[in-house]
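Visitor: Next up is a structure, given as structure tokens.
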2 protein chains.
Amino acid sequence: MNAASNEPLMSGLLVVFGITGDLAHRYLLPALYQLERQKLLPDEFEIIGATRRSAEVPLLLDGIEAELKASGQTADPATLASLGRRLRIVTMDPTKAADYANLKATLDELENERGVCLNRLFYLAIPPQIYGPVVDLLGSSGLNSGCQHGAADSRLMVEKPFGYDLTSATELVERLHHSFSERQIFRIDHYLAKETAQNILVFRFANPIFQAVWNRQHVTSLTITAAETIGIEGRVAFYENVGALRDFVQNHLLQLLAITTMAEPAVLDSSHTHAEKLKLLKAITPIQPNEVTQRAVRGQYRGYREEVGNPDSTTETFARLKLDISNNTWRGVPVTLQTGKRLNERSTTITLTFGASGSSAPANTLTFRIQPNEGIAVELLAKEPGLDQHTKPVEMAFSYAESFGPAPQPNAYERVLMDGIRGDQTLFTTSDEVLTSWRIVDSVVKEWAKSSDGLIIYEPGTPAANI
Amino acid sequence: MNAASNEPLMSGLLVVFGITGDLAHRYLLPALYQLERQKLLPDEFEIIGATRRSAEVPLLLDGIEAELKASGQTADPATLASLGRRLRIVTMDPTKAADYANLKATLDELENERGVCLNRLFYLAIPPQIYGPVVDLLGSSGLNSGCQHGAADSRLMVEKPFGYDLTSATELVERLHHSFSERQIFRIDHYLAKETAQNILVFRFANPIFQAVWNRQHVTSLTITAAETIGIEGRVAFYENVGALRDFVQNHLLQLLAITTMAEPAVLDSSHTHAEKLKLLKAITPIQPNEVTQRAVRGQYRGYREEVGNPDSTTETFARLKLDISNNTWRGVPVTLQTGKRLNERSTTITLTFGASGSSAPANTLTFRIQPNEGIAVELLAKEPGLDQHTKPVEMAFSYAESFGPAPQPNAYERVLMDGIRGDQTLFTTSDEVLTSWRIVDSVVKEWAKSSDGLIIYEPGTPAANI
């Protein structure tokens, strides 16, 4: 998916804001360890941990070791050592303008030592409330561009949430654009960064057998479900402000819908892929205020209010939207996006139902199982062996683990970091996509904020289909 | 697939000509045992073994026991005993007119004892050379119809070969029609009577997901291969006169092609199914004499001539035909039928290759595996796990054994007998189908008889694709 006409510059300086935080500890540092172990990091690659707390490289490495151990792996001492040699700490308050001089000096010095320009990657592993100020300060301190002659790049890597509604998202997009151009901003969507998204794209565009049926003439419905069995796992303040619609539907599920239904890009590179994805998102009719009752369902698991200590909470832990894609390929196909916590199973799936128009034959389904056990399954009717003519649904399935062995797939953070290092934006979200997605759900956000009307209290363990 | 509007008469008298022969011993009697064991035989059902040799019921039952033992099964004494009670022997020379009076008396008596009319099924487990005389005598002795009021039926069950070329097949069809109408004749094709044929029909017509691509717009080629590792297994006289084209292509492979490509019958009953199958066979352009060299390939395994003791034998043990189906659905799709003995594997498959027209994307294949391990497999391209964009062919598969358990499927003879008993002709071959199939290959038969030009001598163990 790389347009690798001439080899891009990969050498770089990765600045992680929040190196002592939970995200860095649990995901970023272990992902860097895995990349180092597989010798995927460029030779010239330094990691600068920025933090206002005290930190030491050996303690960070101990943290990686502990994290690996928790997932049943043993840390390789040589890998830890070589990763340690790339790591250094810059103590700073990322909201304080004065502290950026020191950071800049560190980066300049690292380049001067080598006598080259290096790409600069700023990873914001910090609370979204301070994205704005930090990005402003990166801009005003001149860290928003690489060193002279444009030989190197400056890139910003940010995690969701990208705003809380259409208005705040628009503001955030504009604020970031003051300091960084769209080309420099890597908005992370972990569902896209999993193998999944690419598996779907390869499946769709490399296999002509299914292309003929990928349209309203053959698809009778499309449902994307992200079901979790866990609750909010103690993230009270975060979840009370977010809810299922913002946490999953506006971003992950709409992105999955887009890659499942967008037209084939003329070239499978970042710009063509994003153009098709945006075209698809724009073809989804935004839900109108007067449609919210019939197009959106919300639920909250029993016990949630006690858990968050707010007896009046109307935050939804389950959300379902019914959407229409009003283009020639999909018009009229009912699209359902749904997600929830404390449901009966952990399962993320994209299911297309196929029926022959005008035929009474039962429908077939094609399911992308995203987790667990990623794979693709087609449910078919087959004849039961025997002298009678009974049919039974059977599964024709392909499992990545079965076909490619139990080798761990690169996790989303390894992918995100590597794509940031090589500057491939294909699996990131553009500002247009973010805003178009918010536009689709904005009325629902607003209507749900007004009252608790229609909020369904469901028992933990309920199947999504029953809510 | 039964048009079961009113319950058909199943009670009957099965007359097996050749009860002491190899076919009866190895297949028919064990199949009757299995039907008895599963309590599928009608209450009123007698089996009359006709033979010119001496025979005794206990010896036939011993034969069943031995046959079961050879396939690792233990005979159930109660089943053997109840089957034995249905069995009786009529000693007769089936080519002698005078002997039919006794046979008729036996059948009449069995009906008189019960005071009912029973269906009469005549199974010709005898050499094809005497099909003609036996059928003539069944007709002239009045055994070609059931007893009065048309309440019962008389049916003729015959094995291949149905003629040796178009001329002899036409003669045989006409001769049989002197005594039996088409409705009464059950021409057995074991490939249709396996579960396979019905599995293909169910797969095709019960699953809309594949119907959209089942045509020339999406299928780029269609190949049916019946590969065997065994040689002619001592059947010297038989095989020298037949060869691979007559033994497999004219019947089994053309039948498989027909059910794979025919249009969906308006009703899945015998008459609609046969009408669509015949329409398809008629759409196949018969090979012209001047096309034989380019459309037909023949081979003979090294060692065959020694095996049959004929140093000049030109009998083919491998045959391949390239055919065109000249209708709107399939025109231009290259169709290959091929079969051979002493090849590198035992495998019968129907493979469709799919490509997007005008796309450079690699092709997909969909394969019906008929044996071994019957099932359906789609070869897809999937992304190899990892940070790069490599794809690899993987299989999405469905196996009958895996889905339905290792329970033995009814074998072809159980099916054939049950369908004969209930009068369902769906899985048998009509005279029109037989003659149309001969018409397709007749030029090849004739050209190959003229000389040994183009006969390829192949080493045992060669893959079909290399011949």
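Read-outs throughout are calculated quantities, based only on the coordinates presented, and are distinct from any laboratory measurement. All figures in this text were calculated on a predicted structure; none of them were measured in a lab. Cβ coordinates were reconstructed from backbone atoms using ideal geometry, including for glycine residues, and neighbour counts include every protein chain displayed.
Visitor: Cα axis of helix B:431-450 to longest principal axis of chain B: angle in degrees, 0 to 90, nearest 10?
Guide: In chain B, helix B:431-450 runs at an angle near 60 degrees to the longest axis.
Visitor: How much of the DSSP bridge set in the protein assembly as shown is antiparallel, in percent, rounded to the nearest 5? Spell out each step's value before the answer.
Guide: Values: 85 of 155 bridges.
Percentage antiparallel, nearest 5: 55.
Visitor: What shape does the protein assembly as shown have by the C-alpha gyration tensor, where a ≥ b ≥ c are the square roots of the eigenvalues, rounded means a/c under 1.5, and otherwise prolate means a/b greater than b/c and oblate the rest?
Guide: On the way: a/c = 2.89, a/b = 2.29, b/c = 1.26.
Verdict is prolate for the protein assembly as shown.
Visitor: Could you put A:Ser145, B:Ser451 in order, starting from the residue whose Cβ has the fewest other Cβ atoms within 10 Å? The partial results should precede the final answer.
Guide: Details: A:Ser145 16, B:Ser451 9.
Exposure proxy ranking, most exposed first: B:Ser451, A:Ser145.
Visitor: Still on this structure, please answer the following. Mind listing the label-point distances from A:Asp165 to the same position on all other copies, shortest first, one decimal in nm, points 7 Å along Cα→Cβ?
Guide: A:Asp165 label point versus its equivalents elsewhere: 8.8 nm.
Visitor: How would B:Glu182, B:Glu447 line up from fewest to most surrounding beta-carbon atoms within 10 angstrom?
Guide: Details: B:Glu182 14, B:Glu447 19.
Going from least to most buried by this count: B:Glu182, B:Glu447.
Visitor: How many nanometers, to one decimal and shortest first, lie between the label point of A:Leu59 and those of its other copies, if labels sit 7 Å from Cα toward Cβ?
Guide: For A:Leu59, the other copies' label points sit at 9.7 nm, shortest first.
Visitor: Using only Cα atoms and rounding to the nearest 10 degrees, what angle (0 to 90) does helix A:412-422 make with the longest principal axis of chain A?
Guide: Around 50 degrees separate the two axes.
Visitor: What whole number of Å gives the distance from the Cα centroid of the range A:377-444 to the Cα centroid of the range A:248-270?
Guide: 11 Å
Visitor: Could you tell me the distance between the Cα centroids of the range B:54-120 and the range A:74-119, to the nearest Å?
Guide: Here the answer is 93 Å between Cα centres.
Visitor: Find the centroid of the Cα atoms in the range B:143-179 and in the range A:159-220, then give the distance between the two in whole Å.
Guide: A separation of 67 Å, based on Cα centres.
Visitor: Based only on other Cβ atoms within 10 Å, what is the fewest-to-most ordering of B:Glu459, A:Glu113, B:Glu395? Mind dumping the intermediate values first?
Guide: Numbers: B:Glu459 12, A:Glu113 9, B:Glu395 16.
Placing the least packed residue first, the sequence is A:Glu113, B:Glu459, B:Glu395.
Visitor: Still on this structure, I have one more. Classify the range A:15-117 as rounded, prolate or oblate from the Cα gyration tensor: take a ≥ b ≥ c as the square roots of its eigenvalues, call it rounded if a/c is under 1.5, otherwise prolate when a/b beats b/c and oblate if not.
Guide: Verdict is oblate for the range A:15-117.
Visitor: Okay, moving on. Given charges of +1 on the Cβ of Lys and Arg and -1 on the Cβ of Asp and Glu, with all other atoms neutral, how large is the dipole of the protein assembly as shown about its Cα centre, in debye to the nearest 20?
Guide: On the way: 88 positive and 110 negative charges, 194 e Å.
Around 940 debye, computed over the protein assembly as shown.
Visitor: Could you pull the copy-to-copy label distances for B:Ser71, with points set 7 Å along Cα to Cβ, in nm to one decimal and sorted shortest first?
Guide: 5.2
Visitor: What is the range A:140-261 by shape, rounded, prolate or oblate, if you read a ≥ b ≥ c off the alpha carbon gyration tensor as root eigenvalues and call it rounded for a/c under 1.5, prolate for a/b larger than b/c, and oblate otherwise?
Guide: Because a/c hits 1.5 or more and a/b fails to exceed b/c, the range A:140-261 counts as oblate.
Visitor: Using a Cα-Cα cut-off of under 17 Å, which lysines could be cross-linked to B:Lys96, ignoring same-chain neighbours fewer than 8 residues away?
Guide: B:Lys104
Visitor: For the range B:114-257, what relative contact order do you get, as a whole percent, if you take Cα pairs closer than 8 Å and at least 6 residues apart?
Guide: Working: 120 pairs, mean separation 31.7, N = 144.
Reported as a whole number, the value is 22 percent.
Visitor: Given a Förster radius of 25 Å and the C-beta distance between B:Arg346 and B:Glu306 as r, what FRET efficiency does 1/(1 + (r/R0)^6) yield to the nearest 0.05?
Guide: For B:Arg346 and B:Glu306, the calculated efficiency is 0.65.
Visitor: With unit charges on the beta carbon (Lys/Arg positive, Asp/Glu negative), name the residue among B:Leu381, A:Leu222, A:Asn290 whose Cα is farthest towards the positive pole of the charge dipole of the protein assembly as shown.
Guide: Result: A:Asn290.
Visitor: So for chain B, averaging the separation of alpha carbon pairs under 8 Å that are six or more residues apart and normalising by length, what relative contact order in percent results?
Guide: Values: 812 pairs, mean separation 84.2, N = 467.
Rounded, it is 18 percent for chain B.
Visitor: Once you treat every alpha carbon in the range A:66-218 as an equal point and sum by Debye, what is log10 I(q)/I(0) at q = 0.10, 0.16, 0.18, 0.19 Å⁻¹?
Guide: -0.56, -1.07, -1.17, -1.22
Visitor: Angle between the Cα long axis of helix A:270-283 and the longest principal axis of chain A, 0 to 90 degrees, nearest 10?
Guide: 40 degrees
Visitor: Take the Cα of B:Glu459, step 7 Å along the line toward its Cβ, and report every residue of the range B:277-310 whose backbone nitrogen sits under 17 Å from that point.
Guide: Backbone N within reach: B:300-304.
Visitor: Can you give the local net charge around A:Ala78? Use residues other than it whose beta-carbon is closer than 10 angstrom to its beta-carbon, Lys and Arg +1, Asp and Glu -1.
Guide: Values: positive: A:Arg37; negative: A:Glu36, A:Asp76.
Once positives and negatives cancel, what remains is -1.
Visitor: List, in the order given, every pair from B:Lys160/B:Lys450; A:Lys39/A:Lys279; A:Lys277/B:Lys383; B:Lys194/B:Lys279; A:Lys69/A:Lys194; B:Lys282/B:Lys446 whose Cα-Cα distance in the structure shown is over 29 Å.
Guide: Numbers: B:Lys160/B:Lys450 24 Å; A:Lys39/A:Lys279 38 Å; A:Lys277/B:Lys383 20 Å; B:Lys194/B:Lys279 23 Å; A:Lys69/A:Lys194 22 Å; B:Lys282/B:Lys446 20 Å.
Over 29 Å apart, Cα to Cα: A:Lys39/A:Lys279.
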